[in-house]
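For reference, the structure is listed below as structure tokens.
What follows draws every value from the coordinates through simple rules; no lab data is involved. If you're wondering where the values come from, they're calculated on a predicted model, not measured in any experiment. When we count neighbours, we look across all protein chains shown, and the Cβ atoms used for this are built from the backbone with ideal geometry, even at glycine.
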Amino acid sequence: NFFIKPKSLDIWFQPFGYFTHQDSLEDQRAFKNNVYGGVIGADYNFSNNTNFGGAVGYAYSDINWRENLGDANINSIYAALYSSSYNRFGFINVSILGTRNYYDVKRKIVFPNLERQANNDHNGWDFNAHLGSGLDLLKINNLYFQPTADVDYIYVYQENYKEKGADSLNLVVDSTKFAEVRGALLFNIIKDVQISNLCLSPAVRIGWIYEDQLNSGKITSRLEGVSCTQKKFRVHTFHENHSKGVVGVNLTGIKNEKFSFYLNYQFEWGKAFHQNNISARFSWNL
């Protein structure tokens, strides 16, 4: 269901959206997070089974904590390098991704007879290293089964910052970092259908994701008027390991060996969590 022309250049564009609902879990308050973005890239096919490419992208995240506790906007800029190798038995993908994040956060503070809002703008960055592989098995009458395995290492860093707007209730927050390893096992069923000069490949999948937290991502802070060496307090980002289920559908289309598209929907769920992912990819072979 995939065509690569020997020694050719592909350019592509991929819009995406993620819609996350997280209930209260560990030290984290319940929130909703809607992410919208797009990536543009190009890759060169050195042979009929190996390519190398790069991409840049942008995403906007809109986070709202429930119970009117505040909200945040994140503007993210991506840059990535990747390579893939294919043959009739399967494929291997590797990639590295760097992200620069710009945070705009509003924290609401409500007590009897008191209501304030603490604001902050700070920056951070992410790093992601990815390795994935899959096998094409039991191809019968253009129907085949494709088990895949993926591993990601994710590192997140946020710079220190100082809140404004809440007077004595402003926080001074230290820099923080956390890392995790994310593994995914998916099982895909794919059918190839030829319609004139258009090859369509609808697919369904089911799978499992496991996230291993390598550290707890401690966030250390103090009230603005308190000594920088005393009376600090600490909360944790997610620090337990989690499993998630995955189901999804996608459609790949290739026309005249020059244009291809990929439409994708995926649903993930776990402990106090669910997420809807949608994306599309449009590629032109030069």
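So what is the relative contact order for the chain, in percent, with contacts set as C-alpha pairs under 8 Å and at least six apart? It would help to have the intermediate numbers written out before the result.
Values: 832 pairs, mean separation 46.5, N = 286.
Answer for the chain is 16 percent.
In percent, what relative contact order does the range 1-158 have, based on Cα pairs under 8 Å that are 6 or more apart in sequence?
Details: 386 pairs, mean separation 23.4, N = 158.
Answer for the range 1-158 is 15 percent.
Which whole number of Å³ per residue matches the convex hull of the alpha-carbon atoms in the range 86-132? Present the calculation step by step, with values, prior to reporting the outcome.
Details: hull volume 5.0 nm³, N = 47.
In the range 86-132, the Cα hull volume divided by residue count equals 106 Å³.
Past the 27 angstrom mark, what percentage of all C-alpha to C-alpha distances in the range 1-137 do you count? Kindly include the intermediate steps, with their values, before the conclusion.
On the way: 3797 of 9316 pairs.
Tail of the P(r) past 27 Å holds 41 percent of the pairs.
Candidates (1) -0.36, -0.98, -1.44; (2) -0.51, -0.92, -1.15; (3) -0.43, -0.98, -1.38; which is the computed log10 I(q)/I(0) by the Debye sum over Cα atoms at q = 0.08, 0.13, 0.16 Å⁻¹?
(3)
Suppose each label sits 7 Å from its Cα in the direction of the beta carbon; what would the Thr220-Lys106 distance come out to in nanometres?
Computed distance between label sites Thr220 and Lys106 equals 3.1 nm.
Tell me the Rg and the Dmax, in Å, that the Cα atoms of the range 64-194 produce.
Rg then Dmax for the range 64-194, in Å: 22.5, 71.
Quote to one decimal, in nm, the extra length available between Trp269 and Ser47 on full extension: 0.36 nm per residue of separation minus the C-alpha distance between them.
Length gained between Trp269 and Ser47: 76.0 nm.
Tell me, what is the FRET efficiency for Ser133 and Glu240 to the nearest 0.05, using R0 = 25 angstrom and their Cβ-Cβ distance as r?
Values: r = 28 Å, r/R0 = 1.12.
Result of the calculation: an efficiency of 0.35.
Considering the Cα positions of the range 135-286, please state its Rg to one decimal place and its Dmax as a whole number of Å.
23.2, 74
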